[in-house]
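To start, the structure itself, in structure tokens.
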Amino acid sequence: NAGVTQTPKFQVLKTGQSMTLQCAQDMNHNSMYWYRQDPGMGLRLIYYSASEGTTDKGEVPNGYNVSRLNKREFSLRLESAAPSQTSVYFCASSEILANGNTIYFGEGSWLTVV
Amino acid sequence: QKEVEQDPGPLSVPEGAIVSLNCTYSNSAFQYFMWYRQYSRKGPELLMYTYSSGNKEDGRFTAQVDKSSKYISLFIRDSQPSDSATYLCAMSRSSASKIIFGSGTRLSIRP
């Protein structure tokens, strides 16, 4: 059981380049998320998808697009990378438990934009 | 004002000490509360989750929620060097709503 798998783990981009971060989960969860984590800022939600076919903006969606390809996969695209998008990106999925919901995270993708 | 506030630390304590980690929040609609642990260069992993006010214990870890004060705590007893990590609190309004995270407290346990 792999949980949440995201690729690539490390990437260096030049300003203006585009790239897609891939994410897949094998836990049959409906909800999936993309967060970015910066020093002193904690985890900030970029986009989330409550179910297959739906996506919604989070706190910091500007400069990003997402695709919920199917129930398993949720990708994050940077169309024109900027240095401000240098960050660690985490994909996550969640399940609803008896007394709440909880998120399971991938291992992270370290992105540097130069 | 952020919805969830958490002291970033760093917090350094000797091995065996009791550690207290705390978060405050402003949205009284939050009902579900979680604590995550994050080791360096890894994704956060769930430690504990609770619903509404009260205490929950799991081994050396105890989570407390005081909704009247909008304050949650995580206590670690008999702290070990392996507990050195960043601890993030998180909360949500309902079982299906977005989860909001604190910025995390960096904890170091000295052998």
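Summary table
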{"quantity": "Average projected area [Cα convex hull, chain B], square nanometres", "calculated": "6.7"}
{"quantity": "Model label zone, B:T24; criterion: amide N under 13 Å from point 7 Å along Cα-to-beta-carbon; scope the stretch A:29-43", "calculated": "none"}
{"quantity": "Theoretical FRET efficiency, 1/(1+(r/R0)^6), r = Cβ-Cβ of A:K71 and B:S12, R0 41 Å, to 0.05", "calculated": "0.40"}
{"quantity": "Distribution of pairwise C-alpha distances over chain A, 5 Å bins, in %", "calculated": "2, 13, 24, 26, 19, 10, 4, 1, 0, 0"}
{"quantity": "Cα-centred dipole magnitude for the stretch B:48-111, charges only on beta-carbon of K, R (+1) and D, E (-1), debye, nearest 20", "calculated": "240"}
{"quantity": "Inter-centroid distance (Cα atoms) of the stretch A:23-63 relative to the stretch B:73-111, Å", "calculated": "20"}
{"quantity": "Rounded accessible area per residue of the protein assembly as shown, 1.4 Å, Å²", "calculated": "46"}
{"quantity": "Accessible surface buried once B binds A (1.4 Å probe; total of both sides; Å²)", "calculated": "1900"}
{"quantity": "Residues in the stretch B:91-111 that, when all protein chains are in place, have 50 Å² or more less accessible area than the chain alone would give (probe 1.4 Å)", "calculated": "B:S95, B:K98, B:I99, B:F101"}
{"quantity": "Nearest-20 debye value, chain B charge dipole, Cβ charges on Lys, Arg, Asp, Glu", "calculated": "260"}
{"quantity": "Sum of side-chain charges, B:I76 neighbourhood, beta-carbon under 12 Å (Lys, Arg +1; Asp, Glu -1)", "calculated": "-2"}
{"quantity": "Theoretical FRET efficiency, 1/(1+(r/R0)^6), r = Cβ-Cβ of B:S82 and A:M27, R0 30 Å, to 0.05", "calculated": "0.70"}
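The values are calculated or read from the model by the stated rules, or taken from the named source; none is laboratory data. Everything numeric here is computed off the predicted structure, so don't read it as measured data. Counting neighbours? That spans all protein chains shown, and the Cβs are built from the backbone with ideal geometry, glycine included. Heavy atoms of the whole protein, side chains included, go into the accessibility calculation; ligands, DNA and RNA do not. Shrake-Rupley method; radii C 1.70, N 1.55, O 1.52, S 1.80 Å.
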